[in-house]
1. Output the number of residues of segment 1-48 satisfying the condition of being buried (at least 17 other Cβ atoms within 10 Å of the Cβ), outside any helix (DSSP H, G or I), in contact with a Ser or Thr (Cβ under 9 Å, 6 or more places away or on another chain) and modelled with pLDDT of 75 or more.
2. Which residue is surrounded by the fewest Cβ atoms within 10 Å (Cβ to Cβ), if the candidates are limited to segment 110-133 and must be in contact with a Gly (Cβ under 9 Å, 6 or more places away or on another chain) and part of a helix (DSSP H, G or I)?
3. Given the conditions (1) touching a helix residue (DSSP H, G or I) at 6+ places or on another chain (Cβ under 7 Å); (2) closer than 30 Å to residue 129 by Cβ; (3) open to solvent by less than 50 Å² (accessible area, probe 1.4 Å), which single one is not true for residue 102?
4. Pairs only if they're at least six apart or on different chains, beta carbon under 7 angstrom, first in segment 115-131 and of a type outside the set (A, V, I, L, M, F, W, C), second modelled with pLDDT under 85 and in a helix (DSSP H, G or I); list them, first residue then second.
5. Looking at segment 59-99, which of the residues that are open to solvent by less than 70 Å² (accessible area, probe 1.4 Å) and not in a helix (DSSP H, G or I) is modelled with the lowest pLDDT?
Amino acid sequence: MRWATGVPIALMTIVGVDGVRGRVSGAFDDLDSDADYFNRIVVLVAGHIGEKHHLGESKGLKGSDRRKVDDCAACLADNANARSLIVRAAEIEAEHLLRKHEQAFRSLIDALLARSVLSGGQVTEIIERETPV
């Protein structure tokens, strides 16, 4: 999802102890536009949507991810109802991007299961190879 929204990827890892957990690192630059805040929400909710869709389970948006989503939404709207709509719009966008890049996502999973760790360059290479032109 970071790639699809233009956010850098430094490293991607996956571990299989007590279930499968993944982690993607790469700093978000300073968020200074509405699009930056919205894309940050899309990236945060996409992980949970992907877990539910592809692994059949998800603990939902909780903890630090929930706080980050709430903070970003608060930067976009003062009203709680508007913030809820923003988060729902981000969920819809994340679902769309996950479907659009389904093959790349599956190829990343296969590569991560085989190696456990991928550099940002390796991730980008797999995504670009699997993304239709």
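The values are calculated or read from the model by the stated rules, or taken from the named source; none is laboratory data. No experiment lies behind these values; they were computed from the predicted model shown. Methodologically, a virtual Cβ is constructed for each residue, glycine included, from the backbone with ideal geometry; neighbour enumeration extends over all protein chains shown. When the accessible area is computed, the model is the full protein with side chains, heavy atoms only, and any ligands, DNA or RNA have been set aside. Shrake-Rupley method; radii C 1.70, N 1.55, O 1.52, S 1.80 Å.
1. Selection size over segment 1-48: 2.
2. Top of the filtered list is 113.
3. Residue 102 satisfies all of (1) touching a helix residue (DSSP H, G or I) at 6+ places or on another chain (Cβ under 7 Å); (2) closer than 30 Å to residue 129 by Cβ; (3) open to solvent by less than 50 Å² (accessible area, probe 1.4 Å) except (1).
4. 124/3
5. Looking at residues that are open to solvent by less than 70 Å² (accessible area, probe 1.4 Å) and not in a helix (DSSP H, G or I), I get 60.
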